[in-house]
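To start, the structure itself, in structure tokens.
A short reminder: the numbers here are calculations on the coordinates, not readings from a lab. Computed from a prediction, not measured in an experiment: that's the story for all the values here. Glycine also receives a Cβ, built like all others from the backbone with ideal geometry; neighbour counts cover every protein chain displayed.
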Amino acid sequence: EDQVTQSPEALRLQEGESSSLNCSYTVSGLRGLFWYRQDPGKGPEFLFTLYSAGEEKEKERLKATLTKKESFLHITAPKPEDSATYLCAVLRSTSGTYKYIFGTGTRLKVLA
Amino acid sequence: SQTIHQWPATLVQPVGSPLSLECTVEGTSNPNLYWYRQAAGRGLQLLFYSVGIGQISSEVPQNLSASRPQDRQFILSSKKLLLSDSGFYLCAWSVTPNTEAFFGQGTRLTVV
């Protein structure tokens, strides 16, 4: 069964304390992995797309990496404004039909 | 640039009443359109997707329906709401089925 698991469920960091969020997946026909940021009561905001193992993407304090079984979102020297829920989604293809499968997210709180 | 509009932001409806949520996309043609529902502690659940006018695919049999009367308009409807229809509804679009999706700001629906 296709599955996307994010860990930890919640994470509290001090400002400047770097850490990583994990997204592990068991999906057949993987066609891509996406990271989103979601603020309370808002829709998810697109961050990164990763298509193949070994690929890395960076944006400000965020860096996403991908292996054959998992992806990491590294947060370097986070600031309070980085507090949000981070979602990952995998895109799988079955018989020419594409479908996103989302994880339940990691709630990140960065304390000043 | 492309933008997505979704309204209303919040909605409180009695059980048994009808529902109509609207979503429009600007700045692109023939987008792939999606309706998702997000429940607390659960990943985003795909409800409907559309690759073109009048073409609707349903992922989960339920009390809801979707329509795409125009290229950039996607409507989520129900004839009679149930308590279990409460949730956070998100509209999204993508250029192709295998690229990142961009989300609207969501509608918080409470059925009372």
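Treating only the Cβ atoms of Lys and Arg (+1) and Asp and Glu (-1) as charged, compute the dipole magnitude of the stretch B:3-111 about its Cα centre; round to the nearest 20 debye.
So the dipole magnitude of the stretch B:3-111 works out to roughly 280 debye.
Would the protein assembly as shown count as rounded, prolate or oblate if I go by the C-alpha gyration tensor, calling it rounded below 1.5 in a/c and otherwise prolate when a/b exceeds b/c, oblate otherwise?
The shape class here is prolate.
Need one value for B:24-33: mean number of C-beta atoms belonging to other chains within 10 Å of its residues' C-beta atoms.
0
To the nearest 20 debye, what charge dipole does the stretch A:3-111 have about its Cα centre, counting +1 at the Cβ of each Lys and Arg and -1 at the Cβ of each Asp and Glu?
Here the size comes out at about 340 debye.
Could you sort out which of A:LYS42/A:LYS99; A:LYS42/A:LYS68; A:LYS57/A:LYS109 sit more than 29 Å apart by Cα distance in this structure?
A:LYS42/A:LYS68
Comparing B:ALA39, B:ALA66, B:ALA92, which has the greatest mean-square fluctuation in the GNM of chain B with Cα pairs linked when under 10 Å apart?
It is B:ALA39.
The stretch A:53-112 to the stretch B:5-46: how many Å between their Cα centroids?
23 Å
Averaged across the residues of A:90-102, what count of C-beta atoms belonging to other chains lies within 10 Å of each residue's C-beta?
Across A:90-102, the average partner-chain Cβ count within 10 Å equals 4.
Find out how many positive minus negative residues lie around B:ARG72, taking Lys and Arg as positive, Asp and Glu as negative, among other residues whose Cβ is under 13 Å from that of B:ARG72.
With Lys, Arg at +1 and Asp, Glu at -1, the neighbours total -2.
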